[in-house]
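Below: one structure, written as structure tokens.
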Amino acid sequence: MTEHVLEVRDLVKHFPVRRGLLRRTVGTVKAVDGVSFGLDRGRTLGLVGESGSGKSTLARVLVGIETPTSGQVLLDGQDVARLSRAGRKQLRRDVQMVFQDPYTALNPRMSVGEIVGEPFAIHRVRPPGGRAAAVGELLELVGLDPGHVSRYPHQFSGGQRQRIGIARALALRPRILVCDEPVSALDVSVQGQVVNLLQDLQDELGLSYLFVAHDLGVVRHIAHEVAVMYLGRVVERGPSGAVYDGALHPYTQALLSAAPVPDPSVRLAGPSAADAPGGGAIVLEGDPPSPTDPPAGCPFHTRCWLAPLLGGGRRIPEPCAATRPALEPPRADGGHRTATHDDGEQHGHEHARDEHTGGGPAHLAACHFARPLPAPERVGS
Amino acid sequence: MSGDTSAAAASSAADHDGVVGPGTPLLEVRDLAVEFRTPEGNVRAVDGLSYRVAAGRTLAVVGESGSGKSVSSLAVMGLLPDTARVTHGEVLLAGEDLLSLSRREHRRRCGERIAMVFQDALAALNPVHTVGYQLTEALRRRRGMSRRDAGRRAVELLDLVGVPNARGRVKDYPHQFSGGMRQRVMIATALALDPDVLIADEPTTALDVTVQAQVLRLLAEIQAERRMGLVLITHDLGVVAGMADDVTVMYAGRVVERAPVRDTFGAPAHPYTRALLHSIPSSGAGGDGEGRRLPVIPGRPPSPAALPTGCAFHPRCDTARDVCRTDPPPLEAVAVDRASACHFAAEVLASHDVPPPVEHEEAAHD
Ligand SMILES: Nc1ncnc2c1ncn2[C@@H]1O[C@H](COP(=O)(O)OP(=O)(O)OP(=O)(O)O)[C@@H](O)[C@H]1O
Ligand SMILES: Nc1ncnc2c1ncn2[C@@H]1O[C@H](COP(=O)(O)OP(=O)(O)O)[C@@H](O)[C@H]1O
Ligand code: SF4
Ligand code: SF4
Ligand SMILES: [Mg+2]
Ligand SMILES: [Mg+2]
């Protein structure tokens, strides 16, 4: 059996909500609420979902900026929480992070050489050949001029700053890069340059990526597997091609259909939208519910477009409101699945399902009625 | 569309670069140039921008960051910072040149007929006033409405833009709304005075795709209903394709291509537009993380303080030849309703070089 480079089991991260002078705890933000997945060497897992769905929180737990409330993070099969101090230090070297905003992630008072070389100082590592040579190599690796070591961040463009961030993240030869929206702040014409760089580095160094982005196109391009998050949970997961071409969860289907495509025959809105191929976008109503107080039953049921159709237009099917669906393969007939009752303790269950699916990564969805998108005329209206 | 009026309007304004869209132009920008005073000297952020918007039509202005999209709309609205100066051009609102008016008069005219929605709604709304106050203030001041009528109208407006529980929410402050709801509040504020033209500067850039879809749909519905002219500023070609009738592509402060949307996406007439279309990673086309490299535009957009000679795009252009390094290409008609600023526009247009067709949702239906 091959071990995942990185594995996450039932990971939970809750934040207390405090109010008033005494900072009393008045609630809990369930930012990450039971997430499991495995990441293999040289592979990329894309993580998508709306703002506030818990993507960044998950990323921060993985690199050790936050400690999990419960659940496990395993590195080469070893539980990170049980590591010795030395082991934990190694972990911090093995898993590095690239941040979203190339404008604020770099210290403006430090030269590029200092920024890229800082991890050596922090971890008291003397790279073979010396720090200056190592920094030069790193800059070369990410396509920057090593002659620019003494320049400051403001002297670089957004794309170049993102390269500086990547060079720094690579300094300690990590095996895993957690990239939180690494190209979101960049212009389209420059995004591609950074995405291509990440792909080249993966091929060259065998890196594994957790790639968080809200641009579904970029994720499809770079990721081997995709996980879709909603309210702190993974609602669908599978090989990229399978998820993009045959999304099973109504939320993923809405997400994909809402993404604007560069094709003028697909109108996003207006009178012609409904006649457009694909029946126009599935537009979800309202905002995502607060993660402090997620809906009972299926967390998506308050916005689900499919449930009312199944329930005959008015009421949603009973299981949607009553029972939280587990993340599992869809039933072949697309009908209603039996599911465990929502006792709040079924995280382990999702994981167990997962282990059974030997071979390639399975395509899973957390919906009682998971199935490929029905005919367009049933959508919208 | 509005067939008979368009002919008259077109002939009256047909002199500028021979590109005429249908419909009566409500707002027309002619050969606009804006300069900033900077420590390094005067910098031209917008150089020779022209466009026109007709009732019920959507014009998209596309370009990368720094290409001059926001500066040009601020100039239209009379909202440029003190360090900026319009050095050339006209902004015609129903035939009247706003730039010939005093700044105060300019803003007053705009306040009545042109409204603007900004990218960052939180920064654009006043944090110390309730949303209801911001909606009623203009109605009372400019329309002389009573407090009660204005209050009723504010609730109607919030309702119109789909803010749930509008009656209760007029008393809330901007920070109490989510990003998407705040953008709706902004749109409601912009619609308060029933503008003829709405300029939306990256109205959904800060939003999730699902919320973006809601806001865009809302804009399109309101626009169709009121036959407003909509200027949609964006860097997202997906949004352009889904929303706009016509598109103006800017690069380094200048218009490089102008055309009906369908035509541009089918066959771009400028290498920059073509490269932009190529560089969009698609969530529809195949791809599974294996090996495919994204086509990219090498280099980066130039700073307006250090524009390349000749064609500003030449250092990044895959079609550039010697003449491009020395002679700036003028914006010229290349086909009916189409203009391009490229020495080899005809060649680019004829090559029909476009990205492979995007598969859309059908794939998921079977
Ligand atoms: N330190 C914290 N204290 C309290 N709540 C927090 C904290 N950090 C995050 N949250 C909350 O947890 C939820 C998940 O946040 P997170 O930043 O992970 O979302 P995200 O998916 O990365 O969103 P985005 O797409 O906007 O980056 C949000 O509701 C957020 O407000
Ligand atoms: N207040 C200012 N002072 C000097 N230059 C400015 C100022 N505001 C904008 N610019 C410059 O004008 C150019 C166009 O900016 P802008 O219109 O904001 O671009 P965008 O197309 O991203 O909206 C950019 O080069 C920008 O740096
Ligand atoms: S379980 Fe019901 S509410 Fe949840 S996604 Fe599936 S159909 Fe929608
Ligand atoms: S004029 Fe020359 S450099 Fe400019 S876009 Fe055309 S071919 Fe490219
Ligand atoms: Mg985030
Ligand atoms: Mg702007």
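Annotations
- The figure for B:Thr319 is an accessible area of roughly 20 square angstrom, using a 1.4 Å probe on the protein chains alone.
- Antiparallel bridges, percent of DSSP beta bridges restricted to the protein assembly as shown (to nearest 5): 60 percent
- Using the Cβ-Cβ distance between A:Asp203 and A:Glu285 with R0 set to 35 Å, the FRET efficiency from 1/(1 + (r/R0)^6) comes to roughly 0.20.
- Remark: mean inter-chain Cβ contacts per residue of B:61-69 equal 2, using a 10 Å Cβ-Cβ cutoff to other protein chain atoms.
- 0 to 90° range, to nearest 10: angle between helix A:158-170 axis and chain A longest Cα axis: 80 degrees
- With K and R counted +1 and D and E -1, the other residues having a Cβ less than 9 Å from that of B:Leu92 yield a net charge of -2.
- Estimated vicinal HN-Hα couplings, Hz - segment A:134-143 in sequence order (Karplus 6.51, -1.76, 1.60; Gly, Pro = x): 5, 5, x, 5, 4, 4, 4, 4, 9, x
- Equivalent ellipsoid semi-axes - Cα gyration tensor, segment B:129-230, angstrom: 21, 17, 11
- Under 5 Å from the amide H of A:Val29 lie the amide H atoms of A:Phe15, A:Val17, each residue being 5 or more positions distant or on a separate chain, with H modelled from the backbone and absent for Pro and chain starts.
- Bridgeable lysines around A:Lys89 (alpha carbons under 25 Å apart, same-chain partners fewer than 8 residues away excluded): A:Lys13, A:Lys55.
- 0 to 90° range, to nearest 10: angle between helix A:347-356 axis and chain A longest Cα axis: 80 degrees
- Size check on the protein assembly as shown: the Cα extents along the three principal axes, sorted descending, read 76, 68, 58 Å.
- For chain B, adding -39500 (n - 2.57) for each run of n ≥ 4 DSSP H residues and dividing by the number of residues yields -10500 deg cm²/dmol at 222 nm.
- Placing A:Phe369, A:Phe300 in order of accessible area, with the largest value first and a 1.4 Å probe, yields A:Phe369, A:Phe300.
- Alpha-carbon Rg/Rh ratio, for segment A:85-237, with Rh computed the Kirkwood way: 0.97
- Kirkwood Rh in Å, taken over chain B so that all alpha-carbon pairs contribute: 21.8 Å
- Couplings 3J(HN,Hα) of segment B:200-211, computed from phi: 10, 8, 6, x, 10, 4, 8, 10, 5, 4, 5, 6 Hz, in residue order, whole Hz [Karplus 6.51 cos²θ - 1.76 cosθ + 1.60, θ = phi - 60°; x for Gly and Pro].
- Mean partner shielding of peptide A:181-191, defined as the number of other chain Cβ atoms within 10 Å of each residue Cβ, is 5.
- Within 10 Å of each Cβ in A:221-234, the average number of Cβ atoms from other chains: 2
- The alpha-carbon atoms of chain A, seen along their principal axes, cover 70, 54, 51 angstrom, with the largest extent given first.
- B:Glu221 accessible area, 1.4 Å probe, all protein chains in place, Å² to nearest 10: 90 Å²
- A cut-off of 5 Å between modelled amide H atoms, ignoring neighbours fewer than 5 places along the same chain, links B:Val247 with B:Ala60, B:Ala259, B:Val261.
- Percent accessible area from carbon and sulfur atoms, the protein assembly as shown, protein chains only, probe 1.4 Å: 50 percent
- Antiparallel DSSP beta bridges within segment A:161-304, as percent of all bridges there, nearest 5: 55 percent
- Long-range amide H partners of B:Met116 with built H, under 5 Å: B:Ile199
- The A and B chains share an interface that buries close to 5000 Å² of accessible area, total over both sides, probe 1.4 Å.
- In sequence order, calculated HN-Hα J values of segment A:225-231 (Karplus, 6.51, -1.76, 1.60; Hz; x Gly/Pro): 10, 10, 10, 9, 9, 9, 6
- When both bridge partners sit in chain B, DSSP labels roughly 65% of those beta bridges antiparallel.
The values are calculated or read from the model by the stated rules, or taken from the named source; none is laboratory data. For clarity, every value in this text was computed on a predicted model and none was experimentally measured. All Cβ positions, even for glycine, are placed from backbone atoms using ideal geometry, and neighbour counts span all protein chains on display. Remember, those area values only see protein heavy atoms, side chains included, never the ligands or the DNA or RNA. Shrake-Rupley method; radii C 1.70, N 1.55, O 1.52, S 1.80 Å.
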